[in-house]
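A.B. asks: The structure under discussion is supplied below as structure tokens; questions concerning it will follow.
The values are calculated or read from the model by the stated rules, or taken from the named source; none is laboratory data. What you see is a predicted model, and the numbers here were worked out from it, not measured in a lab. Positions of Cβ are generated from backbone atoms using ideal geometry, with glycine treated the same way; all protein chains shown enter the neighbour counts.
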Amino acid sequence: MPAQQWTFARRAKELGARFVMEASLRHAGTKLRLAVQLVDASSGAHLWAENFERTFNPETVFELQDELVPRIVSTIADAHGILPHTMSEAIRGKSLEQLSPYEAVLRGFGYAERVSPTEHAAARTAMERAVQQAPNYAYAWAMLALLKPDARELVARLLDELANLEDAHLKPQRSRSQSPGQLR
């Protein structure tokens, strides 16, 4: 079967992949155009597409590759990329008890897009469960730390309250031990 007749679903099934990245390369004189797109194979939805146009010189092809590959990968796969966003949306309907540690991290990424007390509580609960299930999963610990900035504020408040209590407790002792001339 010719490659043009393959559907994304068939390609993905053969590859065992949920997402398919397709690219085409056109060359005209010294101009080079790379068109890249990411498709969700299960739905056929185009998740991302971009064209890259560059001046082409055969002697600098590796520099071109070194420039474009990291840019494409980060756009798609970094923490705020297309894949984590898409996958986070896909698992949003799953109950917290059903999430794997990896899915819990994805849910945490999704929290950043829908900041609310309810979403924060769900993401935090999912991350606490994830670190219990996979205590060596560094991304789960990192996401949990991002979701618990209030812990730092709580510690600071407790330290302030402790200092105030200490001052209140020591004040009467100081005034008893000081002579009237030492009071200010």
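A.B. asks: Looking at this structure, is Ala104 at pLDDT 85 or above and small (Gly, Ala, Ser)?
C.D. replies: Judged against the criteria, Ala104 is a match.
A.B. asks: Something else now. Out of the residues in region 1-24 that are under 15 Å from Trp48 (Cβ atoms) and among the aromatic types (Phe, Trp, Tyr), state the one that is modelled with the highest pLDDT.
C.D. replies: Phe19
A.B. asks: While we're looking at this one, here's another question. Anything in region 53-99 that is assigned to a loop (DSSP other than H, G, I, E, B) and of a type in the set (Ser, Thr, Tyr)? List them, or say none.
C.D. replies: Ser95
A.B. asks: Could I ask something else about it? Can you pull out the residues in region 14-43 that are assigned to a loop (DSSP other than H, G, I, E, B) and surrounded by fewer than 11 Cβ atoms within 10 Å (Cβ to Cβ)? Full working, then the answer.
C.D. replies: Kept after step one, since they are assigned to a loop (DSSP other than H, G, I, E, B), are these residues of region 14-43: 16-18, 29-30, 41-43.
Answer for region 14-43, where residues must be assigned to a loop (DSSP other than H, G, I, E, B) and surrounded by fewer than 11 Cβ atoms within 10 Å (Cβ to Cβ): Gly16, Gly29, Thr30.
A.B. asks: Still on this model: Based on what the data block shows, is Ser100 loosely packed, with under 13 Cβ neighbours inside 10 Å and either touching a residue at least 12 places away in the same chain (Cβ under 8 Å) or not assigned by TED's automatic domain parsing to the domain that holds Ala35 (or both)?
C.D. replies: No: the conditions fail for Ser100.
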